[in-house]
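Contents: one structure, followed by commentary.
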Amino acid sequence: MRKTLMGVASTTAALGVGLFGLAAPAQAVGKNVGTCVKTNVYTQPADQVAQVINRCKGSVKVKVVAAFHKDSPCVTLPKGAKPYHFRIKAPGYYKKTVKC
């Protein structure tokens, strides 16, 4: 009985490591942006506007993630560029800004 439990435990552990190992390369996409990228969200009665500002040393590729609304396209913000604005119509709302 003890050998059977140990076998099940080791198989389960190996399977878990295998599944997490497959997911590792995709972690960079969708990861939260650094502190040098600032997002201001302005709420209005019918929508929200997400304003993304790049204060990093170089260019960054970001997208705005929304709930109950289509996400923004992936955009490249050069260093010192004008802010990027993305409008989210109600009932959608801003969730986060991520790397892409």
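Remark: pairs (first residue in segment 84-100, hydroxyl-bearing (Ser, Thr, Tyr); second residue open to solvent by 90 Å² or more (accessible area, probe 1.4 Å); Cβ separation under 9 Å; 6+ apart in sequence or on different chains) = TYR93/THR43; TYR93/PHE68; TYR94/THR43; THR97/ASN32. The set of residues from segment 20-43 being more than 19 Å from LYS79 (Cβ to Cβ), over 15 Å from the mean Cα position of the chain (by Cα), at pLDDT 50 or above and not hydrophobic (A, V, I, L, M, F, W, C) comprises TYR42, THR43. Being in contact with a His (Cβ under 8 Å, 6 or more places away or on another chain) and not in a loop (DSSP other than H, G, I, E, B) is the filter; apply it to segment 53-100 and report the residue that is most open to solvent (accessible area, probe 1.4 Å). Among those residues, the one meeting the criterion is LYS89. Counting the residues of segment 46-73 that are free of Cβ contacts under 8 Å to residues at least 12 places away in the same chain and farther than 15 Å from LYS95 by Cβ gives 1.
The values are calculated or read from the model by the stated rules, or taken from the named source; none is laboratory data. As the structure is a computational prediction, the values presented were derived from the model and not from experiment. Methodologically, a virtual Cβ is constructed for each residue, glycine included, from the backbone with ideal geometry; neighbour enumeration extends over all protein chains shown. Note: areas computed on protein heavy atoms with side chains; ligands, DNA, RNA excluded. Shrake-Rupley method; radii C 1.70, N 1.55, O 1.52, S 1.80 Å.
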